[in-house]
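K.L.:
Handing you this structure, nothing more for now.
Read-outs: derived from the displayed coordinates by stated rules, not from any lab. A quick note: this is a predicted structure, and the numbers were derived from the prediction, not measured. No Cβ is skipped: glycine too gets one built from the backbone with ideal geometry, and neighbour counts run over all protein chains shown.
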Amino acid sequence: DSELYQRFAKIMTWSREAKRMKVRTNADTPHDAAVARAFGAQGIGLCRTEHMFFEGDRILAVREMILASDTEGRKKALAKLLPMQREDFEGLFTAMDGLPVNIRLLDPPLHEFLPQDEAGQREMAEVLGVDLGTVERRVTQLHEFNPMMGHRGCRLGITFPEIIRMQVRAITEAALNVAAKGIKAVPEIMVPLIGTVRELIYTKTEMLDEIAQVNRERGTQFACPIGTMIEIPRAALTSDKIAVEAEFFSFGTNDLTQMGFGFSRDDAGTFLPEYVGKKILEDDPFQSLDQEGIGELVRISCEKGRAARPGIKLGVCGEHGGDPRSVTFFHHVGLDYVSCSPYRVPIATLAAAQAALG
Ligand code: PEP
Ligand code: MG
């Protein structure tokens, strides 16, 4: 009832005042962004752009891009995606007017984008104007036994830099377009799955070049922070080098847990419940951060990041960003924000306040 709601609202207001960390949300649609904002989210901490490409025409254009035989073919397919992607970002900037929107460059497990069955491959042969055998060969060429450790994240952008350029152009143009309507876009661009600083340098060069190109075309001076996910143990351990090139870190604790433990995220249900039952592990480390090991990687990374770039912005956007015990840990290592799914924003807010008061 409304009295109960009033009390809840009061506690949430106190919590927002008491906490030190910001609470952002993981959202890829204006609807989710609006829901999270109503719950008090102070920005988007992770927009997974790969989620934008699975529907209808889009998946066809994505497949066309990946299966194309050369750069020109890829560019042709990306030109179809650009206006859709620009519209996606305009929607997010509008829903988050005035608040930061952290957009992550494409990070798909590549196999989810490939046509696996014959009907799908036939369809692509038609789209590309080639025979079925050509599509089959290309799919075989791109096949991976372990896609989650394969051609994804920044690796995809390094092999196909046209993708980075399309996305960065869409972000830049969308920010400029909404600004013309009086909406304040505050984008941040994030590179996924960095393992070495050279990947970041390569990706950034492409990004900055594309932004400069849009600025030349439009006579504008758009600029935005560029940073990286820290989700590979090697990246965590070399954070001092990476921080030289990154304006912010966002901890991807899902992958950090996967790669730190060597537990597959997608198969965690097979034996982890037994592990918890037999007290080998206290909790499912994908739900509640393993503070002793994975948390130590986060702590080292924060320390090295700050030493190399004082004031570097630090956040987390893995599932743990909405888990109260993990949120307490993130408060103590000094993160600037946590980011979680829209419906976990209130609980993350309460946990962040409790950590600050405790
Ligand atoms: C992560 O790995 O924690 C993360 C936020 O990225 P994703 O879940 O999309 O891999
Ligand atoms: Mg990840």
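K.L.:
Could you line up 93, 251 from fewest to most neighbouring Cβ atoms inside 10 Å? Provide the component values of the computation, followed by the final result.
P.N.:
Numbers: 93 27, 251 31.
Neighbour counts put them in this order, fewest first: 93, 251.
K.L.:
Give the lysines whose C-alpha is closer than 27 Å to that of residue 10, dropping any in the same chain fewer than 8 places away, or say none.
P.N.:
Those lysines meeting the cut-off are 19, 22.
K.L.:
Between the range 24-76 and the range 165-191, what's the alpha-carbon centroid distance in Å?
P.N.:
14
K.L.:
So which aspartates and glutamates can residue 184 reach, going by Cα to Cα under 12 Å and dropping same-chain residues fewer than 8 places off?
P.N.:
90, 97
K.L.:
Another one. When the expected Rg is taken as 2.2 N^0.38 Å, what fraction or multiple of it is the alpha-carbon Rg of the chain? Intermediate values should be presented prior to the final figure.
P.N.:
Working: Rg = 20.9 Å, N = 358, 2.2 N^0.38 = 20.6 Å.
Taking N as the residue count of the chain, the ratio is 1.02.
K.L.:
Using only the Cα atoms of the range 180-228, build the gyration tensor, take square roots of its eigenvalues as a ≥ b ≥ c, and label the shape rounded, prolate or oblate: rounded if a/c is under 1.5, else prolate if a/b is larger than b/c, else oblate. Present the calculation step by step, with values, prior to reporting the outcome.
P.N.:
Details: a/c = 4.30, a/b = 1.70, b/c = 2.53.
Oblate shape, in that a/c is at least 1.5 and b/c is the bigger or equal ratio.
K.L.:
Residue 270 to residue 181: extension gain in nm, 0.36 nm per residue of separation minus the Cα-Cα distance?
P.N.:
Extra length from residue 270 to residue 181 when fully extended: 26.9 nm.
K.L.:
Could you work out [θ]222 nm for the chain from helices alone, using -39500 (n - 2.57) per DSSP H run of at least four and dividing by all its residues? Round to the nearest 500 deg cm²/dmol.
P.N.:
-17000 deg cm²/dmol
K.L.:
Sort out the exposed loop GluC sites (Glu not before Pro) in the chain (DSSP loop, at most 15 other Cβ within 10 Å) and tell me the longest stretch that has none.
P.N.:
That would be 145-281.
K.L.:
Then there is this: In which sequence would 89, 8 go, from the one with the fewest C-beta neighbours within 10 Å to the one with the most?
P.N.:
The most exposed by this proxy come first: 8, 89.
K.L.:
While we're looking at this one, here's another question. Please state the shape class of the range 170-314: rounded when a/c is under 1.5, otherwise prolate if a/b exceeds b/c and oblate if not, all from the C-alpha gyration tensor. Please report the intermediate quantities before stating the final value.
P.N.:
Numbers: a/c = 2.82, a/b = 2.08, b/c = 1.36.
Prolate.
K.L.:
When N counts the residues of the range 265-349, how does its alpha-carbon radius of gyration compare numerically with 2.2 N^0.38 Å, as a ratio?
P.N.:
For the range 265-349, the normalised Cα radius of gyration is 1.19.
K.L.:
Can you give the Kirkwood hydrodynamic radius of the range 1-62 from its Cα pairs, in Å with one decimal?
P.N.:
Averaging 1/r across every pair of different Cα atoms and inverting gives 13.9 Å.
K.L.:
Given H placed on each backbone N at 1.01 Å, which residues far from residue 25 in sequence or on other chains put an amide H within less than 5 Å of it?
P.N.:
Close amide H contacts, sequence-distant or interchain: 42, 43, 44, 45, 46, 340.
K.L.:
Can you figure out the FRET efficiency of residue 1 with residue 332, using R₀ = 25 Å and their beta-carbon distance, to the nearest 0.05?
P.N.:
Numbers: r = 37 Å, r/R0 = 1.49.
So, using R0 = 25 Å, E works out to roughly 0.10.
K.L.:
Let me ask something else. Between exposed trypsin sites (Lys or Arg not before Pro) in the chain, where DSSP calls loop and at most 15 other Cβ atoms lie within 10 Å, what's the longest gap?
P.N.:
21-180
K.L.:
The range 199-273 to the range 329-353: how many Å between their Cα centroids?
P.N.:
Computed from Cα coordinates, the inter-centre distance equals 20 Å.
K.L.:
Based on other C-beta atoms within 10 Å, arrange 337, 343, 202, 5 from fewest to most.
P.N.:
Fewest-to-most ranking of 337, 343, 202, 5: 5, 343, 202, 337.
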